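The values are calculated or read from the model by the stated rules, or taken from the named source; none is laboratory data. Since this is a predicted model, take the numbers as computed values, not measurements. All Cβ positions, glycine included, derive from the backbone under ideal geometry; neighbour counts span all protein chains shown. Just so you know, the surface numbers come from the protein's heavy atoms only, side chains and all, with ligands and any DNA or RNA stripped out. Shrake-Rupley method; radii C 1.70, N 1.55, O 1.52, S 1.80 Å.
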Amino acid sequence: MNALKQSSGRPIVTAFMIWFSHFMVLWAAGEIWPHQWTANVLAWGVTAIALLAVGVHYGRLKAQHADGGLSGWSYRFARGASAMATAAVVFSALPSFVFLP
Amino acid sequence: MNRSAPPGMAGAVDDAATAPSETGFDTKLYERFPTQGDRPPGEFEALKKVWETPKGWRAFSDVNNNFIGFLFIVTAFGFFVAAGVLSLVMRVQLAAPMAGIVPQETYNQLFTMHGSVMMFLFAVPAVEAIAVMLLPQMIAARDLPFPRLSAYSYWAYLIGGVVFFCSIFFSLAPSGGWFMYPPLSSGVYAKGINADFWLLGIGFIEISAIAGAIELIVGVMRTRAPGMTLAKMPVYAWAVLIFGVMIILAFPAMIMVTFLLELERAFNWPLFDATRGGDPLLYQHLFWFFGHPDVYIIFIPASAMVSTMIVTVAQKPLVGHEIVVLAMIATGFISFGVWAHHMFTVGLPGLSAGYFSAASMAVAIPAGAQVFAWIATLASGKVQRNVPSLFLVGGILIFVMGGLTGVMVGMVAFDGQAHDTYFVVAHFHYVLIGSMVFPLFACFYYWTPMVNGRQLSEEVGRWVFWLNFVGVHVCFLPMHLSGLMGMPRRVDTYLPGRAWDLPNLISTVGAFIMAAGVLLFLVDAIRCYGRKGGGEDNARNVYHGGTLEWLATGNYAVRSIPVVNDLEPVWADPRLRADVEAGRYFLPGTATGARETLITSSSRAEPQYVQIMPGPSWWPLLAALFTAGFFLLLTVKAVTLSAICGVLTVLCLMRWVWSNDRHLPQKQVDAGAGIMLPTYVTGPQSHGWWAAVLLVIVLGMIYLMALFSYLYLFGAHPDWWRVAAPRGALVPGLLLLGASAGLAWAARPLMARLKRGSGLSAAMMTLSMVCLVAALAVDGLDWWHAGLRGYASGQGATIYSMLAWHGAIVVAVVLSTFYYLARWMRGLAPGPANKTLEALRILFMYAALEGAAGLLLPRLLPWGGV
Amino acid sequence: MSQPTSSRSSLAEALSGWPPPVLDPHGPFSNTVTTLAWVLIALVTLIFVLVCAALWVALYGSDELRAKLGGESVVKWFGLIVPAGVLFLLLAWGTTMVAGMTAIKGDELRMRVSGNIYWWRVSYLDAGGKEIHADANELHIPVGRPVVVDMVSEDVIHSFWVPKLGGKMDMIPGRTNRLKLQADKAGVYGGQCAEFCGGAHSLMGFVVVAHEPADWQRWLDTRLTPTPAAAPIGAEVLRGSQLFTEVGCAACHRVAGTTAQGLSGPDLTHVGSRRSLGAGILPNTRGTLIGWIGDSQSIKPSNRMPAYRSLQAAELNALAAYMESLK
């Protein structure tokens, strides 16, 4: 197989950076607009965006792997990272549904 | 004689065929290994000679990771014992109500020192020390990439740590708790220099921890054995990479927060003083942004040690290896999102607290994955019954208990009761002892044969284990109860009649049982390490481990650097040891007559160049001595002497760095089997470039914390923003900074292209420095003339703090310029490229960016005046 | 004035550590947390037992059991998927249960406690937040009604914690936090500072007294009715009141209706009826009064009240008698 395979950690970092950005925006909103609907609504929007981003990221990974452009190890890692990042985003979003102003 | 290809070499060649080369290295060259025939006579002797530790007192100038790493581990353990003794005194005091064994202030100093020494002088240094000693061996590197830097880090830590610890004997120890919250730690309530000892002493030890982290990251990424791709890298190497990156990102917050508190104490700038627009919570956010990742910085490498040892103890590969690596990465990331779970009772809005609670639950998941990976690995093999396995299994049990109480206190409502009580004390001792201290003991028993060819006593070891295991439970289990009974933390005594007497007495007994175990260990360790001779040079692989550190036969680690492609290369290839020792792989001797190791590419570990490494040198030790002198004399307010030490530090550092950038007569050398590799590499491939980039990331994080402080105080107390932002400095400042950045940037390409490039680039760097200084002056004077003063308000305090920190960076830039000019004048900064220019240029460009951030932020926010 | 039927040794009741106060709730908020605590304890014990069992099997189990345990799917299921599910459910349940529990509606009784080194300034507030009565180191609340207490600090960070009634709330200078308290049974509840504040942090306690609603109202009315400055009765008490000013107590302490208006120390207008002295650490008797006034530094080192070792026994007795008379 002479296909070019990528074997780096970047897909993993991307997945977790999506979570970290999601977390930071949620927290900052909670600090800037305490006890106000703005914080919650913003949280829901950003959660949707984050989940979408992880989904897109995962889709791209699958395509790249099917093409043969991603080594097996790198793909499994990136898949696992996407799953963990998704779980973390879901966890992080929960309080915004429970703590309403 | 035709032998079949060894699995390491064959695997590397196959692997390389499936992916593009990162560097253009022809991986078919691997097939030349292992070389046949005998090595030339004298080659091995030359290798041994150049790596030898000097004899007698000159040994202290050695910088090799085995020497420094060993001292480092011993020192860290020494601090563990010292802090443990402090806790014994505390436990005697608490064994009975109103016991009166030590006065109140002494007790408060004791618990502050116990926590500070354990966290700053034992826990993080111990895991860094083990990495210093173990990492190069495990990846078959001869040493860490910047040996004198690790030597400097160690000596600075030793001197600073000992002086800091001794403060308790003079009643000068800080007494504000190991987190030193203001206002209790501010100049108003903590008079005297005790708190300054903590701020300046610990602050500069953190600098040495960061230096260690930069080195470890470059070590993992660039000095692995050829063929050891990321996928085939040991779990421990992953952990070192992860915790190194975490240190880079988290420790800056500690540097900035100690800087800010020291500014408040020294100059009365109200950063945390609510009466003038500061905020005590700013300190807590900054401190815990560092503090929580700190404990995972301790946990992650220790957990990887456990993973490594469990593999050997079960004689089976790690079940779920990829899950474990991913779990460590996930833990590393998520641990940056939980910090305010230490602040659940400060009155955070419910939603904000909820976010931190959610992340705290999430971070438990990867930790649990690791535990089950360990259990599955143990189950998959036949577990050896020895002392390391005792400590490993015992540690897992203790850690799981601590992790579960951690889930409990991660729930905000329960934490409302448990926070700041002995329940939490029980929790964190369980997690730290289970995840770090027990693995540390396991590590001593497991790797001592590698260090000195001997073994600690298995019989005594069983006693050490059981005394510690029983002692831990007897001491800390009752603390869950005393916390639920209402006993807060950090109390020097308690009233009778509260039923707290019995759990406390039991805890005290437990503490002494643990102490007995540690004492027994010390006796055995001294016996084992103190004996002269008798140990073989060979790392005796008594536990039958599979990783490369077991091939080490001296300071140089392995006689020749093998091509590997397995997670347990020693298991995969029974002939590996013989081949390596016979010099049949890379660098079987010394190609240039100096100490050398192989620099390989970051993902696929393809050989790139041979790094010439420094031998013994006194400069790191002297620089560390003077650095310690600078900070500690400043603490006791001996400003002149401190300044002298500062100057001497700079001179020692410059003299040290002077020999860094050496052009050798041999541009290329035979790295083994006729493969020619360069000896001097510039550009983004150079490991020095990587270190400079990592340093700049650290500086950027520190400054980011300063910017955050500005934003936080402005958001929380905008009524204290009373000086309208002067706009006069904006245009000249930005122009000067743009010029500074541009000049520094252009210095490198111009030097490469022009014949007189060397002089021109020196001039450009000088001009860049001048612009940077001018920009700082313009910015600072702009505020001064607008009437802003540091002591007047939160606005003044944060702005002048940012200017002060930036000023320190500018001083470094100025000194660097003089250094570079000196080199240029001596002809040591030649074109077309040299490493010194490249490293300094990165610093200068960063400094300009930092200056721009400091110039812009306070002038853009608030925008419309105050 | 009315007091709960418990005796003067109610300080002992307040300080009692058994049964463990966190698991012995006497109010709705602490009750909810205790339920959470027990569920957590049960869950955590179950998980620990499972892990121990797994370890046992790994080390000592039969070959077939160990083979089942030794696979990657065990790690994926028991290490990742099941914990993720359990933790998510725990998070959802735990946060839902307490969300809004301590939400402040605005119609509750209002108080303010201000942390000091090493004592508590207590204020009773009207609905608009104005102080209507001042006291120290002791709070009186009615049973069955929520009370919102503003938490402030006049110096360093302290933390107010009454484990039987609820979680703690930090008192941070420059910030007003609010804690909702409610007791469901009459009684005396001990509290203690739970954020290290230096020096005698370990001896900074207080007492919360919960009265039946009618008793509480009577207590409050008595406190709020401005009594005419009653002439001190008895020679000893009279001498004590004179000494109070002569020795300098009035510089720091306030006794309503007299010239003593010092605010840097606890208000002593009703010290005679307090359950404790020295901020929740000593019972209130003639002996402890004398001991405290004469040498509080030996009892509670580094507290802000100097020792008065030069006072004679008769003078100390007089001052103590005066204190006792201030009910």
Taking the stretch B:337-352 and keeping residues more than 7 Å from every other protein chain (Cβ to nearest Cβ) and touching a His at 6+ places or on another chain (Cβ under 8 Å) leaves B:Val338, B:Trp339, B:Ala340, B:His341, B:His342, B:Met343, B:Phe344
Filter the stretch B:825-847 for residues that are more than 18 Å from B:Tyr680 (Cα to Cα) and more than 27 Å from the chain's Cα centre (by Cα); the one that is least open to solvent (accessible area, probe 1.4 Å) is B:Met825
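Considering each of C:Ala84, C:Ala67 in turn, give the residue that is of a type in the set (A, V, I, L, M), open to solvent by 60 Å² or more (accessible area, probe 1.4 Å) and facing chain B (nearest Cβ under 8 Å).
Working: C:Ala84 fails: open to solvent by 60 Å² or more (accessible area, probe 1.4 Å).
Every option except C:Ala67 fails the conditions.
Here is a yes/no grid of residues against (1) touching a Ser or Thr at 6+ places or on another chain (Cβ under 7 Å); (2) touching a residue at least 60 places away in the same chain (Cβ under 8 Å); (3) surrounded by fewer than 24 Cβ atoms within 10 Å (Cβ to Cβ):
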{"position": "B:Ser167", "(1), (2), (3)": "no, no, yes"}
{"position": "B:Leu172", "(1), (2), (3)": "no, no, yes"}
{"position": "B:Ser175", "(1), (2), (3)": "yes, yes, no"}
{"position": "B:Ala237", "(1), (2), (3)": "no, yes, no"}
{"position": "B:Val245", "(1), (2), (3)": "no, yes, yes"}
{"position": "B:Val257", "(1), (2), (3)": "no, yes, no"}
{"position": "B:Leu261", "(1), (2), (3)": "yes, yes, no"}
- prompt: Residues in the stretch B:174-197: is at least one over 16 Å from the mean Cα position of the chain (by Cα), more than 14 Å from every other protein chain (Cβ to nearest Cβ) and among the hydrophobic types (A, V, I, L, M, F, W, C)?
  reply: yes
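I want to confirm something. Restricting to the stretch A:32-42 and keeping residues that are part of a helix (DSSP H, G or I) and open to solvent by 60 Å² or more (accessible area, probe 1.4 Å), which single residue is modelled with the lowest pLDDT? Let's see the steps before the verdict.
Applying the first criterion (part of a helix (DSSP H, G or I)) to the stretch A:32-42 yields A:32, A:37-42.
This time we only want the ones that are open to solvent by 60 Å² or more (accessible area, probe 1.4 Å), so: A:32, A:37-38, A:41-42.
Working: A:Ile32: 89, A:Trp37: 94, A:Thr38: 94, A:Val41: 95, A:Leu42: 95.
In this case the residue turns out to be A:Ile32.
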Over the stretch B:481-513, the set of residues out of contact with any Ser or Thr (no Cβ under 6 Å at 6 or more places or on another chain), open to solvent by less than 30 Å² (accessible area, probe 1.4 Å) and not in a loop (DSSP other than H, G, I, E, B) is B:Ser482, B:Leu484, B:Asn504, B:Ser507, B:Thr508, B:Gly510, B:Ala511
For the stretch C:271-289, does any single residue satisfy the condition of being open to solvent by 40 Å² or more (accessible area, probe 1.4 Å) and within 14 Å of chain B (Cβ to nearest Cβ)? yes
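Going through C:Ala256, C:Ala279, C:Ala307, C:Ala314 one at a time, which residue ends up being more than 21 Å from the chain's Cα centre (by Cα), of a type outside the set (Phe, Trp, Tyr), under 27 Å from C:Ala210 (Cα atoms) and not in a strand (DSSP E or B)? Don't jump to the end; show me each part of the working.
On the way: C:Ala279 fails: more than 21 Å from the chain's Cα centre (by Cα); C:Ala307 fails: under 27 Å from C:Ala210 (Cα atoms); C:Ala314 fails: under 27 Å from C:Ala210 (Cα atoms).
Answer to the selection: C:Ala256.
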Of (1) surrounded by fewer than 24 Cβ atoms within 10 Å (Cβ to Cβ); (2) under 24 Å from B:Gly416 (Cβ atoms); (3) more than 7 Å from every other protein chain (Cβ to nearest Cβ), B:Gln315 satisfies every one except (2)
Whether any residue in the stretch B:555-575 is within 30 Å of A:Trp73 (Cβ to Cβ), open to solvent by 30 Å² or more (accessible area, probe 1.4 Å), among the small types (Gly, Ala, Ser) and in a helix (DSSP H, G or I) is what I want to check. yes
The condition from (1) open to solvent by less than 60 Å² (accessible area, probe 1.4 Å); (2) out of contact with any Ser or Thr (no Cβ under 8 Å at 6 or more places or on another chain) that B:Thr649 misses is numbered (2)
Checked the stretch B:212-229 for anything surrounded by fewer than 24 Cβ atoms within 10 Å (Cβ to Cβ) and more than 30 Å from B:Asp15 (Cβ to Cβ); matches are none
*asked:* Being open to solvent by less than 30 Å² (accessible area, probe 1.4 Å) and either in contact (Cβ under 8 Å) with a residue 40 or more places away in the chain or more than 29 Å from B:Ala131 (Cα to Cα) (or both): is that true of B:Ala19 here?
replied: yes
**Prompt:** Got at least one residue in the stretch B:754-768 being over 22 Å from B:Trp690 (Cα atoms), surrounded by fewer than 16 Cβ atoms within 10 Å (Cβ to Cβ), out of contact with any Leu (no Cβ under 8 Å at 6 or more places or on another chain) and hydroxyl-bearing (Ser, Thr, Tyr)?
**Reply:** no
Inside the stretch A:69-88, the number of residues satisfying the requirement of being surrounded by fewer than 23 Cβ atoms within 10 Å (Cβ to Cβ) and either of a type outside the set (Gly, Ala, Ser) or at the interface with chain B (Cβ under 8 Å from one of its Cβ atoms) (or both) is 8
Scan the stretch C:300-308 and tell me whether some residue there is under 18 Å from C:Met204 (Cα atoms) and in contact with a Leu (Cβ under 7 Å, 6 or more places away or on another chain).
yes
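In the stretch C:106-163, which residues are assigned to a loop (DSSP other than H, G, I, E, B), more than 14 Å from chain B (Cβ to nearest Cβ) and within 18 Å of C:Ser202 (Cα to Cα)? Before you say what the answer is, go through the steps one by one.
Filtering the stretch C:106-163 for residues assigned to a loop (DSSP other than H, G, I, E, B) gives C:106-108, C:117-118, C:126-130, C:137, C:143-146, C:154-157, C:162-163.
Okay, now just the ones that are also more than 14 Å from chain B (Cβ to nearest Cβ), so C:106-108, C:126-130, C:137, C:143-146.
Once the filter is applied, which keeps residues that are assigned to a loop (DSSP other than H, G, I, E, B), more than 14 Å from chain B (Cβ to nearest Cβ) and within 18 Å of C:Ser202 (Cα to Cα), the stretch C:106-163 yields only C:Asn137.
Any idea which of A:Phe99, A:Phe20 is free of Cβ contacts under 8 Å to residues at least 40 places away in the same chain, closer than 30 Å to C:Gly100 by Cα and of a type in the set (A, V, I, L, M, F, W, C)? Step through it out loud before you land on a result.
Numbers: A:Phe99 fails: free of Cβ contacts under 8 Å to residues at least 40 places away in the same chain.
Result: A:Phe20 is the single residue among A:Phe99, A:Phe20 that is free of Cβ contacts under 8 Å to residues at least 40 places away in the same chain, closer than 30 Å to C:Gly100 by Cα and of a type in the set (A, V, I, L, M, F, W, C).
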Scanning the stretch B:83-121 residue by residue, the ones that are open to solvent by 10 Å² or more (accessible area, probe 1.4 Å) and polar (S, T, N, Q) total 3
All conditions in (1) within 23 Å of B:Val257 (Cβ to Cβ); (2) crowded, with 16+ Cβ neighbours inside 10 Å; (3) more than 32 Å from the chain's Cα centre (by Cα) are true of B:Leu730 except (1)
Original post:
Within the stretch C:27-48, is there a residue that is more than 7 Å from every other protein chain (Cβ to nearest Cβ) and not in a helix (DSSP H, G or I)?
Top reply: yes
What do you reckon, is A:Ala53 open to solvent by less than 10 Å² (accessible area, probe 1.4 Å) and either in a helix (DSSP H, G or I) or more than 11 Å from chain B (Cβ to nearest Cβ) (or both)?
no
When (1) crowded, with 22+ Cβ neighbours inside 10 Å; (2) more than 30 Å from B:Ala16 (Cα to Cα); (3) within 18 Å of the chain's Cα centre (by Cα) are applied to B:Asp273, the one that fails is (3)
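One line per residue, one yes/no per condition, for (1) more than 23 Å from B:Thr766 (Cβ to Cβ); (2) touching a residue at least 60 places away in the same chain (Cβ under 8 Å):
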residue: B:Gly688; (1), (2): no, yes
residue: B:Leu695; (1), (2): no, yes
residue: B:Tyr703; (1), (2): yes, yes
residue: B:Ser709; (1), (2): yes, yes
residue: B:Gly715; (1), (2): yes, no
residue: B:Gly728; (1), (2): yes, no
residue: B:Leu735; (1), (2): no, no
Picked from the stretch C:188-209 (must be more than 9 Å from chain B (Cβ to nearest Cβ) and out of contact with any Ser or Thr (no Cβ under 7 Å at 6 or more places or on another chain)), the residue farthest from C:Arg121 (Cα to Cα) is C:Tyr189
